[in-house]
Amino acid sequence: MSAEAKPVIELANVHKIYDTGAIRVHALRGVSLRVDRGEFVAIMGASGSGKSTLMNLIGCLDHPTRGAYHLDGIDVSQLSKDHRADIRNRKIGFVFQGFNLLSRTSAIENVELPLIYAGVPVTERHRRSRQALAAVGLAQKENSHPNQLSGGQQQRVAIARALVNHPSLLLADEPTGNLDSRTSVEIMELFQLLNRNTGNTVVLVTHEPDIAQFAKRIVVMKDGRVILDQPVRQRRDARVELASSLYEKPLEVTLS
Amino acid sequence: MILDLIRIALRALARNKVRSALTMLGIIIGVASVIAMVSLGQGAQQQVQSQIAGMGTNLLVVMAGSQKSGGFRGGLGTSTTLTPEDVEAVLREAPAVAAATPTVSTAVPLVFGNQNWTTRAEGANAGYLSIRARAVASGEFFTETDVRTAARVAVIGQTVANQLFPGLNPVGQIIRVRNLPFRVVGVLVAKGQSQFGQDQDDTLVMPYTTVMKKLLATTYIPSASFSAVSASATNEAQKEITGILRRRHNIRPGQDDDFTVRNLTDVAETAEQASKVMTMLLGGIAAVSLLVGGIGIMNIMLVSVTERTREIGIRMAVGARSRHVQYQFLIESVVLGLTGGLLGILIGVGASFVLSRVFQWPQLISTTAVFGSAVFSMAIGVFFGYYPARKAAGLDPIEALRFE
Ligand SMILES: Nc1ncnc2c1ncn2[C@@H]1O[C@H](COP(=O)(O)OP(=O)(O)OP(=O)(O)O)[C@@H](O)[C@H]1O
Ligand SMILES: [Mg+2]
């Protein structure tokens with residue numbers, strides 16, 4: 001990590017305790033993590049090791065019980081609910097395993113959702129949403145509803161929604177968990193492209209070691225702690241693989 | 001932003017058309033019944049009012065004899081102490097009294113050609129028309145001279161005209177009243193039934209002197225009618241009349257009156273009070289159904305919030321603040337309330353139109369009820385939508401997203 005690189009995420013000894021009355025779950029037990037601008041981090045670990053908990057904290061969906069979290073240099077660990085909503089809206093794009101699209105709502109309307117809450121005027125909203133859909137290769141599907149789209153297409157709509165506000169941080173919790181292997185590689189191609197061309201910082205959680213190989217850095221968690229943090233050797237390149245005989249049809253992705 | 005929230009709310013409602021319609025139904029029925037009931041009540045009230053006003057202008061009726069039927073006295077109107085001179089004295093001396101007439105009546109058989117009919121002959125002076133709020137349709141009313149001379153002239157009601165003169169103009173004709181010839185000088189404008197179901201057109205009006213001398217041969221009168229100068233002066237007039245009559249009849253303080261004054265304004269007030277109570281009762285019952293409609297909205301909104309927990313989670317995850325979510329749901333319930341209210345107004349107005357036709361009452365759409373229920377149904381939307389909307393806004397984004 002170079003000294004002049006700006007940290008996007010800076011977690012210092014973060015704890016998270018879920019207190020649901022009867023049981024107290026110590027889900028994070030002192031996590032310190034720094035992610036710089038332009039990084040591509042894969043978080044791995046056994047089920048229940050605290051990956052989603054960590055992602056929710058990073059994504060400002062929740063706040064740590066103890067410890068400090070600086071996002072883009074701002075301490076966001078004890079912000080109010082509304083402030084966290086604003087941070088999520090402006091700085092963070094979140095992609096979920098289950099897509100989390102609004103049903104019976106067209107792709108473009110799903111994509112423009114963050115812009116509504118950002119107060120962007122209608123015409124600007126449509127322009128940017130179209131652009132984001134085009135960026136994930138779904139320009140033709142803007143009026144389709146989620147139930148008319150394949151899993152991979154739905155996840156790309158979700159990625160477009162995560163991108164539409166030009167966030168500094170793209171978070172994905174098992175984005176390929178519900179997808180087949182070729183579609184997973186297509187999604188990873190999109191993340192790599194966004195990371196490479198647009199300079200998006202990407203943090204994703206995955207169970208599959210071969211998916212983690214698309215990242216630049218792997219963080220492994222166990223029982224609420226980071227037990228391994230290392231760069232990826234032999235990084236996979238989704239574009240090359242899709243072009244090769246391994247997968248039949250390469251995906252055309254263009255960013256405007 | 002608020003426009004977007006309205007759009008989102010409207011689309012959510014449009015997505016569940018049947019449910020939205022059923023939810024609104026409670027409000028629709030509530031508002032419609034409030035308006036119909038209040039209009040109905042006010043129509044009835046108006047009806048009673050106009051009937052009472054139709055009995056006379058600020059009318060006071062004095063009857064000979066005491067209401068407290070003490071000792072030897074008979075019933076009302078049988079005492080022999082009231083005279084036409086009393087009436088003249090009251091008219092002269094009481095400032096609150098604008099007009100006065102002795103009234104005396106008797107049943108009489110009428111004959112014209114081969115037609116005959118029995119009716120009530122009413123004796124009065126020339127002030128009859130203004131006191132009783134009546135008018136002459138054709139011909140004219142008898143004059144003071146006719147009264148002085150006890151002339152055999154008569155003004156007939158529409159019913160009598162129809163019975164005795166089918167297809168003829170009664171004015172100028174000579175009829176026989178108890179075998180005495182009378183000249184018909186005028187016909188009264190039809191008035192219909194009185195509040196007590198009496199046909200007010202089945203009558204024959206003639207000078208009271210004629211009734212007293214030619215038909216009854218008496219010197220006293222059973223009753224007299226007075227008209228106060230204004231509606232608010234009726235109580236004052238009653239006092240003055242009582243004072244003058246007591247003095248003229250030499251009644252000492254502490255002694256009972258030998259006459260009874262009836263103030264029709266009192267009757268009107270009592271009747272108005274009764275119909276007001278009825279209006280309030282009907283309106284109240286309808287308002288309860290409106291309340292039930294409101295609870296229906298709350299119920300459905302709570303179900304809707306639970307059902308759409310995931311949607312709420314998604315909206316929050318992409319940056320919706322609590323109040324954005326709160327407004328979205330609040331707008332939904334307000335739209336339900338307001339739309340239901342407006343539809344209810346349409347139906348309520350239609351229903352009161354039909355009801356007024358059925359009961360032949362004046363069509364009276366209460367603007368208070370219309371505007372009141374529009375505002376009230378919106379308020380119901382806010383009131384009963386507030387709790388569900390707060391519940392939605394208070395959700396935790398992570399838990400909402402996990403919700404299955
Ligand atoms: N809202 C919550 N309330 C109580 N306990 C929770 C809550 N969320 C997570 N936990 C607990 O915290 C621990 C970490 O959960 P987390 O979801 O972060 O694991 P994970 O690494 O994402 O697992 P997986 O790979 O299965 O998704 C688990 O023991 C879980 O039961
Ligand atoms: Mg998880």
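Using only Cα atoms and rounding to the nearest 10 degrees, what angle (0 to 90) does helix A:181-197 make with the longest principal axis of chain A? The angle comes out at about 80 degrees. With unit charges on the beta carbon (Lys/Arg positive, Asp/Glu negative), name the residue among B:Ser20, B:Ser352, B:Thr119 whose Cα is farthest towards the positive pole of the charge dipole of chain B. Farthest towards the positive pole: B:Ser20. Highest mobility in the GNM of chain B, judged by mean-square fluctuation with C-alpha springs under 10 Å and restricted to B:Thr260, B:Thr279, B:Thr367, is found for B:Thr367. Of A:Thr65, A:Thr53, A:Thr201, the residue with the greatest mean-square motion in the GNM of chain A, using alpha carbon springs below 10 Å, is A:Thr65.
Using the Cβ-Cβ distance between B:Lys276 and B:Ala14 with R0 set to 35 Å, the FRET efficiency from 1/(1 + (r/R0)^6) comes to roughly 0.25. Dipole orientation for the protein assembly as shown: of the candidates B:Leu342, B:Ile221, B:Ala400, B:Ala400 has the Cα lying most toward the positive pole (charges on Cβ; Lys, Arg +1; Asp, Glu -1). Can you tell me how the range B:291-389 classifies by the Cα gyration tensor, rounded, prolate or oblate, using a/c under 1.5 as the rounded cut? In terms of gyration-tensor shape, prolate.
Given R0 = 25 Å, the distance between the Cβ atoms of B:Tyr387 and A:Arg66 translates into a calculated FRET efficiency of 0.10. Taking 7 Å steps out from each Cα toward its Cβ at B:Lys239 and A:Asp210 produces label points 10.9 nm apart.
Quote the total accessible area buried by chains A and B together, excluding ligands, DNA and RNA, probe 1.4 Å, nearest 100 Å².
When A and B are taken together, about 2300 Å² of accessible area is lost.
Only aspartates and glutamates eight or more places from B:Lys17 in sequence, or on another chain, were considered; those with a Cα closer than 17 Å are B:Glu307, B:Glu332.
By accessible area of protein heavy atoms, probe 1.4 Å, what ranking do A:Arg239, A:Arg125, B:Arg15, A:Arg90 get, highest first? Display every interim value, and only then the final one.
Numbers: A:Arg239 105, A:Arg125 5, B:Arg15 80, A:Arg90 135 Å².
Most to least solvent-accessible, the answer reads A:Arg90, A:Arg239, B:Arg15, A:Arg125.
Just add up the charged neighbours of B:Ile251: K/R +1, D/E -1, any other residue whose Cβ is under 11 Å from the Cβ of B:Ile251. So the environment of B:Ile251 carries a net charge of +1. Solvent-accessible surface of the protein assembly as shown, taken per residue with a 1.4 Å probe and all protein chains present: 45 Å². Take each residue of peptide A:158-169, count the partner chain Cβ atoms within 10 Å of its Cβ, and average: the result is 1.
Springs between Cα atoms under 10 Å define the GNM used for chain A, and in it the highest mean-square fluctuation of A:Glu112, A:Glu208, A:Glu39 occurs at A:Glu208. For B:Glu399 and A:Asn147, the FRET efficiency from 1/(1 + (r/R0)^6), where r spans their Cβ atoms and R0 equals 25 Å, is about 0.50.
Label reach from B:Ala231 (point 7 Å along Cα→C-beta): in the range B:78-100, amide nitrogens under 19 Å belong to B:96-99. Its DSSP H runs of at least 4 residues, each contributing -39,500 (n - 2.57), put the calculated 222 nm mean residue ellipticity of chain B at -18500 deg cm²/dmol, to the nearest 500. Once the Cα-Cα distance is subtracted from the 0.36 nm per residue extended length, the B:Glu144 to B:Leu291 segment shows a gain of 46.6 nm. Residues of the range A:57-86 that bury at least 10 Å² of accessible area once all protein chains are present, compared with their chain alone (1.4 Å probe, heavy atoms only, ligands and nucleic acids left out), are A:Leu61, A:Asp62, A:Lys81, A:Asp82, A:Ala85, A:Asp86.
Kyte-Doolittle mean at least 0.0 and Cα extent at least 15 Å along the axis: which DSSP H helices of chain B qualify? Walk me through the intermediate numbers first.
Working: long enough: B:2-15 (20 Å, 1.22); B:17-54 (52 Å, 0.85); B:234-248 (21 Å, -1.24); B:264-307 (64 Å, 1.15); B:322-359 (53 Å, 1.19); B:367-393 (37 Å, 0.90).
The answer, listed by residue number, is B:2-15, B:17-54, B:264-307, B:322-359, B:367-393.
When a/c reaches 1.5 or more, the comparison of a/b and b/c decides; with that in mind, is the protein assembly as shown rounded, prolate or oblate per its Cα gyration tensor? Each step should come with its number before you reach the end.
Working: a/c = 5.81, a/b = 3.74, b/c = 1.55.
Prolate.
Evaluated with a Cβ-only charge set (Lys, Arg +1; Asp, Glu -1), the protein assembly as shown carries a dipole of roughly 420 debye about its Cα centre, given to the nearest 20. Would you please classify the overall shape of chain B from the alpha carbon gyration tensor, given that a ≥ b ≥ c denote the square roots of the eigenvalues, rounded means a/c under 1.5, and beyond that prolate means a/b larger than b/c while oblate covers the rest? Verdict is prolate for chain B.
Only Cα sites of the range A:88-159 enter the Debye sum here, all with the same form factor; the resulting log10 I(q)/I(0) across q = 0.21, 0.22 1/Å is -0.87, -0.96, listed in q order. Residues in the range B:114-133, backbone N under 14 Å from the label point at B:Glu88 (7 Å along the Cα-to-beta-carbon vector): list them, ranges by number please. Backbone N within reach: B:125-126. Using Cα atoms only, what is the angle between the long axis of helix A:122-135 and the major principal axis of chain A, expressed in degrees (0 to 90) to the nearest 10? Once rounded, one gets 90 degrees. Our note on the geometry: Cα centres of the range B:185-217 and the range A:82-137, 86 Å apart.
Which value, in debye to the nearest 20, describes the size of the charge dipole of chain A about its Cα centre when Lys and Arg Cβ atoms bear +1, Asp and Glu Cβ atoms bear -1, and nothing else is charged?
Numbers: 32 positive and 27 negative charges, 50 e Å.
Here chain A has a charge dipole of around 240 debye.
For helix A:107-118, report the angle its Cα long axis makes with the longest principal axis of the Cα atoms of chain A; keep it between 0 and 90° and round to the nearest 10°. Computed tilt is about 50 degrees.
Checking the Cα-Cα distances for A:Lys141/A:Lys216; A:Lys51/A:Lys81; A:Lys91/A:Lys216; A:Lys51/A:Lys91; B:Lys191/B:Lys276 against a 28 Å cut-off, the pairs over it are A:Lys141/A:Lys216.
The values are calculated or read from the model by the stated rules, or taken from the named source; none is laboratory data. All values reported here derive from a predicted model rather than from experimental measurement. Reconstructed Cβ throughout: ideal geometry from the backbone, glycine too, with neighbour counts over all protein chains shown. Surface areas here come from the heavy atoms of the whole protein model, side chains and all, with no ligands, DNA or RNA. Shrake-Rupley method; radii C 1.70, N 1.55, O 1.52, S 1.80 Å.
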